[in-house]
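Note sheet for the following structure.
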Amino acid sequence: MNTKTSFKSGFVAIVGAPNVGKSTLLNQLLGQKVAITSEKAQTTRNRILGVAHLPQAQLIFLDTPGIHRAKGPLNVRIVDVALKVLGAADLVLFIADAASPDKAADQIILQSLKKKNLPVVLAINKVDLVKKRKLLPLMDRWRNAYPFKAIVPISALERIQMDELLAEMVAVLPEGPKYYPDDSVTDMPERFIAAEMIREKVFRLTGEEIPYAVAVTVESFKERPEKNLIDIQATIHVERESQKPIIIGKGGGMLKRIGTHAREEIEHMVGCKVFLTLWVRVQKNWTRDTGAIRRFGY
Ligand SMILES: Nc1nc2c(ncn2[C@@H]2O[C@H](COP(=O)(O)OP(=O)(O)OP(=O)(O)O)[C@@H](O)[C@H]2O)c(=O)[nH]1
Ligand SMILES: [Mg+2]
């Protein structure tokens, strides 16, 4: 009898409506922050790759922007990114929100899944926010909506049922090689993650339309090994003149807070001191300009 268990691997697309906790879950499954998160919808704009290494499996997660009925060129573009990722997946991890189901967005996603004929595991997230007796009927409703391979209630925030979720995904994955070496967690350069961390602080510290009007680029990322320091120059782009003073804040206070929070987090990632200089620049109506959208990396 052959008792040798074979190695499994594959690409897992994490999809769901905006704000359901996709990026929070990715960071928890990796034990490391690679994706930015916020309490505002449409935080993620790119496909974010993160590799989970288990003894008998390697799961390559592709976190995606929240799928919704998009308006405007930037949002149409980022939803397109999410739908394209589905094409590259061996398995789909569909995240739903137990506390506030987004019926319209969930329907759009289910429709695309039905066309693709891919195996799908459903994670119902944020169960820490709902009463237990509400959960069973909710799971029944989902069970009738699609032939999921498994349905797992989880809390990404409180790390509830993380191992159970991983086990259900591994069960569905095909046998395969280690696509990534043991020590690699993401394919994204630190320079990109640094820009994202700055953008996250804008999302978390400013309100109204500001987060959606902002893109961040890193102009220079220079390692100075002699000083054990990294020197970063980055620009926060807004789309209207009136948004610039909001980012800068009274006496420069807002920009300083964004910079301090971002610098601390980047230092944690790179493991050395960071010298961060931030600039604010107006790129008129960039969210409606496909050329600028592309130049900003979307
Ligand atoms: N209570 C609770 N909150 C959660 C949980 N998971 C995520 N959140 C919160 O939900 C909000 C959205 O989380 P994200 O991870 O940014 O959500 P997302 O699905 O990646 O959002 P987009 O990138 O905008 O599509 C954040 O405020 C998280 O802290 C959970 O299990 N329980
Ligand atoms: Mg996200």
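Taken together, the values in this text are just the output of simple stated rules run on the coordinates, not laboratory data. Values in this document were obtained by computation on a predicted structure and should not be read as measured data. So basically every Cβ, Gly included, is an ideal-geometry build from the backbone, and we count neighbours across all protein chains shown.
Got a sec to turn the phi values of the stretch 157-172 into Karplus ³J(HN,Hα) couplings, 6.51 cos²θ - 1.76 cosθ + 1.60 with θ = phi - 60°, whole Hz, x for Gly and Pro?
Each residue of the stretch 157-172 in turn: 4, 9, 6, 8, 6, 5, 5, 4, 5, 4, 4, 5, 6, 4, 4, 8 Hz.
Count the DSSP beta bridges whose two residues both fall in the stretch 190-295, then state the antiparallel fraction as a percent rounded to the nearest 5.
45 percent
If I fit a long axis through the Cα atoms of helix 132-145 and take the longest principal axis of the Cα atoms of the chain, what angle between them do I get, 0 to 90°, rounded to 10?
Approximately 80 degrees, to the nearest ten.
Compute the long axis of helix 103-116 from its Cα atoms, compare it with the longest principal axis of the Cα atoms of the chain, and write down the angle in degrees, 0 to 90, nearest 10.
That helix lies at roughly 60 degrees to the long axis.
Using a cut-off of 14 Å between alpha-carbon atoms, which aspartates and glutamates can reach residue 71, once sequence neighbours fewer than 8 places away in the same chain are excluded?
80, 289
Once the stretch 1-101 is represented by equal point scatterers at the alpha-carbon sites, with solvent omitted, what log10 I(q)/I(0) does the Debye formula produce at q = 0.13, 0.20 Å⁻¹?
Computed log10 I(q)/I(0) values: -0.47, -0.97.
What is the packing order of peptides 281-291, 175-185, 13-23, taking the mean over residues of other C-beta atoms within 10 Å and listing the highest first?
My ranking of the peptides, most packed first, is 13-23, 281-291, 175-185.
What is the gain in length, in nm to one decimal, between residue 264 and residue 209 on full extension, counting 0.36 nm per residue of separation less the C-alpha to C-alpha distance?
Contour length minus Cα-Cα distance gives 17.3 nm.
Give the peptides 197-207, 83-93 in descending order of average Cβ contacts within 10 Å, highest first.
Ranked by mean Cβ neighbours within 10 Å, highest first: 197-207, 83-93.
Quick one: length gained pulling residue 241 to residue 179 fully straight, 0.36 nm per residue minus the C-alpha distance?
17.7 nm is the gain from fully extending residue 241 to residue 179.
Beyond 27 Å, what percent of the Cα pairs of the stretch 8-172 remain?
Result: 16 percent of Cα pairs exceed 27 Å.
Charges at C-beta only: +1 for Lys and Arg, -1 for Asp and Glu. How large is the resulting dipole of the stretch 10-157 about its Cα centre, in Debye rounded to 20?
In total the dipole reaches around 340 debye.
What is the sum of charges, Lys and Arg at +1 and Asp and Glu at -1, for the other residues whose Cβ falls under 11 Å from the Cβ of residue 118?
Once all neighbours under 11 Å are counted, the net charge is +3.
When averaged across all projection directions, what area in nm² does the alpha-carbon convex hull of the stretch 190-295 cover?
If I average the Cα hull's projected area over directions, I get 6.5 nm².
What span do the alpha-carbon atoms of the chain cover on each of the three principal axes, reported in whole Å from largest to smallest?
Here the Cα extents, ordered largest to smallest, are 67, 45, 37 Å.
Return the distance in nm (one decimal) between the two label points of a simple spin-label model at residue 250 and residue 114, each offset 7 Å from Cα along Cα→Cβ.
5.4 nm
Check the straight Cα-Cα distances from residue 178 and name the lysines below 18 Å, setting aside those fewer than 8 residues away within the same chain.
4, 8
Relative to the Cα centre, what is the charge dipole magnitude of the chain, using +1 at the beta carbon of each Lys and Arg, -1 at the beta carbon of each Asp and Glu, and rounding to the nearest 20 debye?
Computed about the Cα centre, the dipole is about 840 debye.
Based on DSSP, what percent of beta bridges with both residues in the chain are antiparallel, to the nearest 5?
Taking every DSSP beta bridge within the chain, about 35 percent pair in antiparallel fashion.
Just to be sure I understand: with springs between alpha-carbon atoms less than 10 Å apart, which residue in 53, 268, 237 has the highest mean-square fluctuation in the Gaussian network model of the chain?
Among 53, 268, 237, the largest mean-square fluctuation in the Gaussian network model of the chain belongs to 268.
Once you wrap a convex hull around the alpha carbon atoms of the stretch 155-196, what is its projected area averaged over all directions, in nm²?
It is 4.7 nm².
Hey, which lysines would be in cross-link range of residue 126, C-alpha to C-alpha under 24 Å, not counting anything within fewer than 8 residues on its own chain?
Output for residue 126: 22, 33, 40, 103, 134, 149, 201.
In degrees between 0 and 90, to the nearest 10, how far off the longest principal axis of the chain does helix 190-205 point, with axes built from Cα atoms?
Once rounded, the angle reads 80 degrees.
Which far-off residues, 5 or more places away or on another chain, put their amide H under 5 Å from the one on residue 157, with H placed in the peptide plane?
When sequence neighbours closer than 5 places are left aside, the close amide H contacts are 126.
Just to be sure I understand the model, the point goes 7 Å from the Cα along the line to the Cβ. What's the resulting residue 226 to residue 282 distance in nm?
Distance between label points: 4.1 nm.
In whole Hz, with x marking every Gly and Pro, tabulate ³J(HN,Hα) for the stretch 278-283 from phi via Karplus 6.51 cos²θ - 1.76 cosθ + 1.60, θ = phi - 60°.
10, 10, 10, 9, 9, 10
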